[in-house]
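Have a look at the structure below before the remarks.
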Amino acid sequence: MKAQRYQTLVNQIASLIEGESDLIAVMSNVAAAIHQEMHFWWTGFYRVVENELLLGPFQGPVACMHIPFGRGVCGTAWQRQETVVVPDVEQFPGHIACSSASRSEIVVPVFNREGTVIAVLDIDSEKLATFDEVDRQYLEQICQLIK
């Protein structure tokens, strides 16, 4: 069921952003589409700006605005250049608690055409162990659409 919802979402996002060159516009609609379809607690992007992640387009409650390289789940995904799935954020060393309501998290790096991380997609849930390999697979596909 979840995989089918994601497959439909991937196709919708591909059509939605086709031909759009403005990265902020793309991120805005991608965050909104994921949030609306999957009903996550917080869905958004942090953009790489110089030596930190800066809050980008998102859906959900207010969030941290600056995240250092290698810090928290977002900074770790950026540093490792790979998706990080955290079933319980309380168990993640160095977790940055932007909100105490966040219980589990997935962060997917967004690469440009040259293979450099330009942003991360950060999704939080108010429930433990929300994210699995299905989420990883499809969210990585979605992030590959963003260039």
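The values are calculated or read from the model by the stated rules, or taken from the named source; none is laboratory data. Because the structure is predicted, anything quoted here is derived from the model rather than measured. Here the Cβ is made from the backbone with ideal geometry for all residues, glycine too, and neighbour counts use every protein chain on show. When the accessible area is computed, the model is the full protein with side chains, heavy atoms only, and any ligands, DNA or RNA have been set aside. Shrake-Rupley method; radii C 1.70, N 1.55, O 1.52, S 1.80 Å.
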Which one of Phe92, Phe58, Phe40 has the biggest mean-square fluctuation once the chain is modelled by GNM with Cα springs under 10 Å?
-> Phe92
Karplus-derived HN-Hα couplings along the range 63-75 (A = 6.51, B = -1.76, C = 1.60, θ = phi - 60°), whole Hz, x at Gly and Pro | 9, 4, 9, 10, 10, x, 4, x, 9, x, 5, 5, x
Each residue of the range 50-58 in turn: what ³J(HN,Hα) in whole Hz from Karplus with 6.51, -1.76, 1.60 and θ = phi - 60°, glycine and Pro shown as x?
-> 6, 10, 8, 9, 10, 3, x, x, 7
Those cysteines in the chain that have no second cysteine Cβ within a distance under 4.7 Å are Cys74, Cys143
GNM result for the chain, Cα springs below 10 Å: residue of Gln137, Gln81, Gln59 fluctuating most strongly = Gln137
Distant-in-sequence amide H partners of Val49 (H built 1.01 Å from N, under 5 Å) = Leu54
Counting sequence-distant residues (5 or more places) and residues on other chains, those with an amide H built under 5 Å from that of Trp42 are Asp124
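List the relative contact order of the chain as a percent without decimals, with contacts defined as Cα pairs under 8 Å and 6+ residues apart.
Working: 284 pairs, mean separation 33.4, N = 147.
In percent, rounded to a whole number, it is 23.
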Hz values of 3J(HN,Hα) by residue in the range 28-45 - Karplus curve (6.51, -1.76, 1.60), Gly and Pro given as x = 4, 6, 5, 4, 5, 5, 5, 4, 5, 6, 9, 6, 6, 6, 9, 9, x, 10
Could you check which residue among Asn29, Asn51, Asn112 shows the biggest mean-square fluctuation in a GNM of the chain with a 10 Å Cα cutoff?
-> Asn51
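Stretched out fully, how many nm does the piece from Arg113 to Asn11 gain, at 0.36 nm a residue minus the Cα gap?
Values: separation 102, 0.36 × 102 = 36.72 nm, distance 2.06 nm.
Stretched out fully, the Arg113 to Asn11 stretch lengthens by 34.7 nm.
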Could you give the nm distance between label points at Gln79 and Leu54, where each point is 7 Å from its Cα heading toward the beta carbon?
-> 2.2
Determine how large the accessible area of Thr130 is when every protein chain is in place; take a 1.4 Å probe and give Å² rounded to the nearest 10.
-> 40
Say each of Gln4 and Cys64 gets a label point 7 Å from the Cα, pointing the same way as Cα to Cβ; how far apart are those two points in nm?
-> 3.8
Counting Lys and Arg as +1 and Asp and Glu as -1, each charge on the Cβ, what is the dipole of the chain about the Cα centre in debye, to the nearest 20?
-> 40
Given H placed on each backbone N at 1.01 Å, which residues far from Arg71 in sequence or on other chains put an amide H within less than 5 Å of it?
-> Thr76
